[in-house]
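The values are calculated or read from the model by the stated rules, or taken from the named source; none is laboratory data. Bear in mind the structure is a predicted one, so any value in this text is a computation, not a measurement. Every residue, glycine among them, receives a Cβ derived from its backbone with ideal geometry; neighbour counts consider all protein chains shown. Calculation scope for accessible area: heavy atoms of the full protein, side chains included, ligands and nucleic acids excluded. Shrake-Rupley method; radii C 1.70, N 1.55, O 1.52, S 1.80 Å.
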Amino acid sequence: MYFKRELTPKSSETGWYSRGFLPRFDIPGVTQSITFRLFDSVPQQKVKDWKLELGVYNHIAQDDPRAVELRRRIAKFEDSGYGCCWLKLPQIAKLVEDNLLYFDGSRYNLLAWCVMANHVHVMVDILPDFNLSDISHSWKSFTAKQINKIVGRSGEVWEREGCDRYIRNENHYNNVVRYIENNP
């Protein structure tokens with residue numbers, strides 16, 4: 001696929017916001033890479049320790065080497081298979097995949113995805129009139145209710161804050177697709 005745009009947004013442009021964690025860029029028409037994980041896939045204390053060690057505080061740029069290192073550590077830990085790993089159950093993995101496919105073409109174009117044992121990687125083009133925040137909430141809310149029914153429990157399923165990055169150029173696009181396809 002040919003990547004059609006070069007995006008280098010500035011913090012003063014519309015679309016940037018923060019909920020006290022990493023800054024987000026969320027406007028329609030932007031290709032986004034998203035990772036969301038089960039609530040227990042990376043212990044919060046471990047993330048806090050890494051942030052302290054790396055000097056990662058609120059409002060740090062996504063390309064800051066400290067933020068890049070934090071994401072690398074989290075990704076490596078995710079792949080260790082820590083936590084309940086409900087997504088390795090075929091019924092739950094299919095539920096999550098079907099949910100991603102449900103609004104493909106109407107709210108976003110699904111470009112790449114994989115469901116791992118304790119986290120999910122997705123790359124989408126957000127369509128006009130929709131935003132990443134609402135799409136992500138929809139995925140997590142619906143699947144959390146269904147997963148809790150399947151495993152016979154109630155409570156938290158997904159970690160509150162996922163990781164998302166807008167795709168900056170064709171090289172970034174290709175690297176993310178390769179990462180998602182090779183992650184399993």
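Observations
- Matching residues, the stretch 97-113, being within 19 Å of I167 (Cβ to Cβ) and touching a strand residue (DSSP E or B) at 6+ places or on another chain (Cβ under 7 Å): L100, D104, Y108, N109, L110, L111, A112, W113
- The listed residues are K88, K149, K145, and the only one of them that is under 15 Å from D40 (Cβ atoms) and at pLDDT 95 or above turns out to be K88.
- Residue in the stretch 135-178 that is nearest to S106 (Cα to Cα), counting only those that are open to solvent by 50 Å² or more (accessible area, probe 1.4 Å) and under 13 Å from the mean Cα position of the chain (by Cα): H137
- Residue list for the stretch 76-93, filter: surrounded by fewer than 17 Cβ atoms within 10 Å (Cβ to Cβ), in contact (Cβ under 8 Å) with a residue 40 or more places away in the chain and either more than 18 Å from K140 (Cα to Cα) or of a type in the set (V, I, T) (or both): D79
- Some residue of the stretch 96-109 being open to solvent by less than 60 Å² (accessible area, probe 1.4 Å), within 24 Å of E170 (Cβ to Cβ) and in contact (Cβ under 8 Å) with a residue 60 or more places away in the chain: no
- Filtering the stretch 110-141 to residues that are without any contact (Cβ under 8 Å) to a residue 12 or more places away in the chain and either touching a helix residue (DSSP H, G or I) at 6+ places or on another chain (Cβ under 8 Å) or under 20 Å from L38 (Cβ atoms) (or both) leaves H137, S141.
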